[in-house]
1. Out of all the residues in segment 119-146, which are assigned to a strand (DSSP E or B) and at pLDDT 90 or above?
2. Can you find a residue that is free of Cβ contacts under 8 Å to residues at least 40 places away in the same chain, surrounded by fewer than 19 Cβ atoms within 10 Å (Cβ to Cβ) and not in a loop (DSSP other than H, G, I, E, B) anywhere in segment 52-61?
3. Can you tell which of 48, 80, 44, 67 is farther than 18 Å from residue 176 by Cα and among the hydrophobic types (A, V, I, L, M, F, W, C)?
4. For segment 241-285, which positions are exposed (fewer than 10 other Cβ atoms within 10 Å of the Cβ), modelled with pLDDT under 80 and more than 28 Å from residue 230 (Cα to Cα)?
5. If you go through segment 24-41, how many residues are in a loop (DSSP other than H, G, I, E, B) and either under 22 Å from the mean Cα position of the chain (by Cα) or basic (Lys, Arg) (or both)?
6. In segment 85-110, what residues are out of contact with any Cys (no Cβ under 7 Å at 6 or more places or on another chain) and closer than 25 Å to residue 52 by Cβ?
7. Mind counting the residues in segment 147-176 that are basic (Lys, Arg), surrounded by fewer than 15 Cβ atoms within 10 Å (Cβ to Cβ) and in a loop (DSSP other than H, G, I, E, B)?
8. Out of contact with any strand residue (DSSP E or B) (no Cβ under 6 Å at 6 or more places or on another chain), surrounded by 19 or more Cβ atoms within 10 Å (Cβ to Cβ) and either of a type in the set (Phe, Trp, Tyr) or at pLDDT 80 or above (or both): is that true of residue 73 in this structure?
Amino acid sequence: MIPQVNQQANLGNVNQAHLMALSQQGNESLTYSALMEQANAQEAMQQAANENNLQVPKVNFYPSRHADPHKARRKDIKQAYKLLTPSKRHIVNPVRWALGRKYNYNKQSHICVIDGCDCSVLIQHDNLYAKISDDDSGRSLWEMYWQNPVTGEPEAFVAMERVTSGRKMRGTYCPEHMHLFHLLCKWETEQDRMDESNPKRLRDRVKQGVSIVTVPIATMTKKDPTPTMLKKYEPFFAELEKDSRKTKGINVNHYTNPLTGQNDITTVSFDLRIFQHEMALEQQATPAFQALVQQHVNNAIKQNPLEQEGIGIGE
């Protein structure tokens with residue numbers, strides 16, 4: 001009888017060859033890079049706990065090695081939910097019933113709701129959130145979950161009672177569980193995408209009264225009536241449209257066919273008289289410009305009262 005592999009092994013204590021073997025089986029979404037990030041998080045958490053005398057996770061994630069990758073992903077999702085569920089007090093604990101405190105570590109925003117470690121000490125010692133990154137986008141957990149998306153200021157991630165749903169708690173996740181939560185969200189997104197493309201799901205939606213109409217792409221493509229020979233003039237007309245907003249001397253007129261709705265005739269006119277008039281206005285000092293100059297002079301006089309005598313606009 002072949003002994004079963006210990007499903008609670010610590011990824012931080014295995015070598016790279018073992019991680020590479022795990023990435024080649026089971027959940028296809030769990031890549032070698034993601035396993036390396038999870039292993040590094042577990043190892044770093046253990047090291048930080050020894051140096052700062054902190055409480056660390058007692059249960060570590062270990063991926064499913066099921067032969068079917070889809071079933072392996074579902075097993076990983078189920079295991080992740082179990083590991084990310086906030087730690088609860090015993091059902092007969094009087095604190096749970098007398099004071100209504102169902103969870104052990106639902107205290108402050110810097111306390112992990114699972115293992116109770118102080119994440120603020122971890123951030124000050126060695127910010128692991130900034131060192132653990134997503135293998136696809138390259139963004140760190142700190143950027144994705146610990147920064148306000150609008151202001152960019154540091155903001156603690158708030159966990160939820162049922163991991164991805166339910167009421168918000170007061171606590172957060174430590175780096176190891178934060179990375180597992182990030183992977184769980186990615187796995188569920190991929191699982192939902194596969195479920196939507198399942199033919200059985202489409203039949204169920206039709207039975208529920210949801211109609212599905214397939215529209216050919218060719219019918220949705222809008223045809224361009226511009227002849228091929230005239231397409232080389234498109235940059236020229238783009239410059240005309242741009243300059244016509246700055247001057248009244250350029251006019252681009254389009255004449256639309258009332259029957260077909262297409263643009264049949266396009267004319268471009270350049271009015272030299274308007275160009276000369278606009279250039280003359282630019283060379284003249286407008287009253288608003290003269291008032292602005294006088295205002296600057298008055299401000300200078302106020303700042304230097306000893307030099308008021310003899311100062312004028314023409315000086």
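The values are calculated or read from the model by the stated rules, or taken from the named source; none is laboratory data. Computed from a predicted structure; not experimentally measured. Cβ placement follows ideal geometry from the backbone for every residue including glycine, while neighbour counts extend to all protein chains displayed.
1. Going through segment 119-146, the residues assigned to a strand (DSSP E or B) turn out to be 133, 140.
Across segment 119-146, the qualifying residue is only 140.
2. Applying the first criterion (free of Cβ contacts under 8 Å to residues at least 40 places away in the same chain) to segment 52-61 yields 53.
Next cut, surrounded by fewer than 19 Cβ atoms within 10 Å (Cβ to Cβ) only: 53.
Next, only the ones that are not in a loop (DSSP other than H, G, I, E, B) stay: none.
Checking segment 52-61: not a single residue is free of Cβ contacts under 8 Å to residues at least 40 places away in the same chain, surrounded by fewer than 19 Cβ atoms within 10 Å (Cβ to Cβ) and not in a loop (DSSP other than H, G, I, E, B).
3. Working: 48 fails: farther than 18 Å from residue 176 by Cα; 80 fails: farther than 18 Å from residue 176 by Cα; 44 fails: farther than 18 Å from residue 176 by Cα.
The match here is 67.
4. Within segment 241-285, 280, 281, 282, 283, 284, 285 qualify.
5. To start, the set of residues in segment 24-41 that are in a loop (DSSP other than H, G, I, E, B) comprises 24-31.
Still in the running and either under 22 Å from the mean Cα position of the chain (by Cα) or basic (Lys, Arg) (or both): 29-31.
Looking only at that region, the number is 3.
6. Going residue by residue through segment 85-110, those that are out of contact with any Cys (no Cβ under 7 Å at 6 or more places or on another chain) are 85-104, 106-109.
Hits for segment 85-110 are 86, 87, 103, 104, 106, 107, 108, 109.
7. Going residue by residue through segment 147-176, those that are basic (Lys, Arg) are 162, 167-168, 170.
Then keep just the ones that are surrounded by fewer than 15 Cβ atoms within 10 Å (Cβ to Cβ); that gives 162, 167-168.
Applying the additional criterion that residues be in a loop (DSSP other than H, G, I, E, B) yields 162, 167.
So the count comes out to 2.
8. Working: out of contact with any strand residue (DSSP E or B) (no Cβ under 6 Å at 6 or more places or on another chain): yes; surrounded by 19 or more Cβ atoms within 10 Å (Cβ to Cβ): yes; either of a type in the set (Phe, Trp, Tyr) or at pLDDT 80 or above (or both): yes.
Yes: the conditions hold for residue 73.
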